[in-house]
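See structure below.
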Amino acid sequence: MPNKNINMIKRITSLILFVSLYAITVAQTTAPASNGQNPQRRRNQPRAFSITVIDAAKTKVDTGKLGAAFRNAYPPFAAADGYRTKREVTMRIIDTAKGFTIKAVPGEIVANGKWLKSKKNLDNFQQLLNDALHKNWASVDTIKKDGYSLVFINKNSNFDATIQKNLIETYFEVYPKLVGMFNNKATHDVVFVTDTAYKGVAEASGNRILFATRYMNKFPFDVDVVTHEGMHIVQGYGYSYGRDLVWLTEGIADFIRYKYGVDNVGSKWYLPSFKAKAQGYKDSYRVTARFFEWIDQKIKPGMIVQIDKQLRDGTFKESTWADLSGKSLDELWAAYSADPVLHLVYSSKNL
Ligand SMILES: [Zn+2]
């Protein structure tokens, strides 16, 4: 994506410095547990980061150095931390007792002026800021296996270690398989973040999957959230399709979860029975996934995988349905509605 560099200098009290950074594009998916039918959210705005330095201690430290350190340390932290992580940061340099050095939370940095004036501390400011920011996380683990890596950032000190272990295992079991089958260009380096503030289930954005610890603690066996979200990373459709095809993106992710999830029985995850009056293909998620499984079984095996490929390479069109099956999307749905019976087999770890 193109960078939008906006450089602004403003003066408020003694000094304010705005630094604008790389524009990072993110997509979010939210799928609340209750019915799994909520619409996906997408954003296409560049993420600009800024720092405002308020030099209350009148240290006159080199703000260029502070800005450069911020530019290198903060955006990677924020990208890993979560999409709600503040982008406008205020840094206050204060005059205080010697014991205090630096504290950094999303959106706010406080540093001791006397400490910061030391040449050594200013020279190492990027690393010191980085360390201070990472103290907001309960733990960070990096796991590598067979050419794939997973950085697991846990922001909740009360998050169950067994769930963490199961999510990691599911990643290494499922994700490389999805990459191998559907998109060899997809990243091999994924970040998992467990967040207390996040109220959905999980969402994928870039190479990061954010898990709500509230949900995972309540439904610890729902490990195939990793399969659905991992498929979003593999899909990598970009943003050219906009909101219109969110139902399709989510339907494919749940179709893949149905097919390749490691333990759908264990998480009591099933495709809902067909209800003619209450459903449409745009209902997304599991309703759409069941329709896609029907297409796979009754119309054309492998067709949904072809659609996934076309969505990724940019050749997908409304006419793709008819090109591949001889029937338009509406005609496919009508045929499905007329005879929706399916034989479904769910994955289980306990079979
Ligand atoms: Zn999704």
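The values are calculated or read from the model by the stated rules, or taken from the named source; none is laboratory data. What you see is a predicted model, and the numbers here were worked out from it, not measured in a lab. A quick note on method: Cβ atoms are made from the backbone with ideal geometry, for glycine too, and the neighbour counts reach across all protein chains shown.
Would you call ARG286 farther than 18 Å from ALA335 by Cα, out of contact with any helix residue (DSSP H, G or I) (no Cβ under 9 Å at 6 or more places or on another chain) and either assigned to a loop (DSSP other than H, G, I, E, B) or of a type outside the set (Gly, Ala, Ser) (or both)? Break it down into steps so the answer makes sense when it comes.
Values: farther than 18 Å from ALA335 by Cα: yes; out of contact with any helix residue (DSSP H, G or I) (no Cβ under 9 Å at 6 or more places or on another chain): no; either assigned to a loop (DSSP other than H, G, I, E, B) or of a type outside the set (Gly, Ala, Ser) (or both): yes.
No, not satisfied.
Only residues that are of a type outside the set (A, V, I, L, M), closer than 12 Å to SER348 by Cα and not assigned by TED's automatic domain parsing to the domain that holds VAL287 were counted in segment 223-272, giving 1. The residues listed here are GLY147, GLY99; of these, the one that is exposed (fewer than 15 other Cβ atoms within 10 Å of the Cβ), over 26 Å from GLY67 (Cβ atoms) and assigned by TED's automatic domain parsing to the domain that holds THR59 is GLY99.
Checking the conditions here, which among ASP283, ASP308, ASP313 is surrounded by fewer than 18 Cβ atoms within 10 Å (Cβ to Cβ) and either within 24 Å of the chain's Cα centre (by Cα) or not assigned by TED's automatic domain parsing to the domain that holds LEU344 (or both)? Write out each step before concluding.
On the way: ASP283 fails: surrounded by fewer than 18 Cβ atoms within 10 Å (Cβ to Cβ); ASP308 fails: surrounded by fewer than 18 Cβ atoms within 10 Å (Cβ to Cβ).
Criteria check complete, one pass: ASP313.
This table checks each residue for (1) of a type outside the set (Phe, Trp, Tyr); (2) assigned to a helix (DSSP H, G or I); (3) in contact with a helix residue (DSSP H, G or I) (Cβ under 6 Å, 6 or more places away or on another chain).
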{"site": "VAL110", "(1), (2), (3)": "yes, no, no"}
{"site": "GLN126", "(1), (2), (3)": "yes, yes, yes"}
{"site": "PHE152", "(1), (2), (3)": "no, no, no"}
{"site": "SER157", "(1), (2), (3)": "yes, no, no"}
{"site": "TYR171", "(1), (2), (3)": "no, yes, yes"}
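Among the criteria (1) in contact with a helix residue (DSSP H, G or I) (Cβ under 9 Å, 6 or more places away or on another chain); (2) surrounded by 13 or more Cβ atoms within 10 Å (Cβ to Cβ); (3) in a helix (DSSP H, G or I), the one SER337 does not fulfil is (1). Taking the numbered list (1) within 21 Å of PRO106 (Cβ to Cβ); (2) in contact with a helix residue (DSSP H, G or I) (Cβ under 6 Å, 6 or more places away or on another chain); (3) buried (at least 21 other Cβ atoms within 10 Å of the Cβ) in turn, GLU203 passes all entries but (2).
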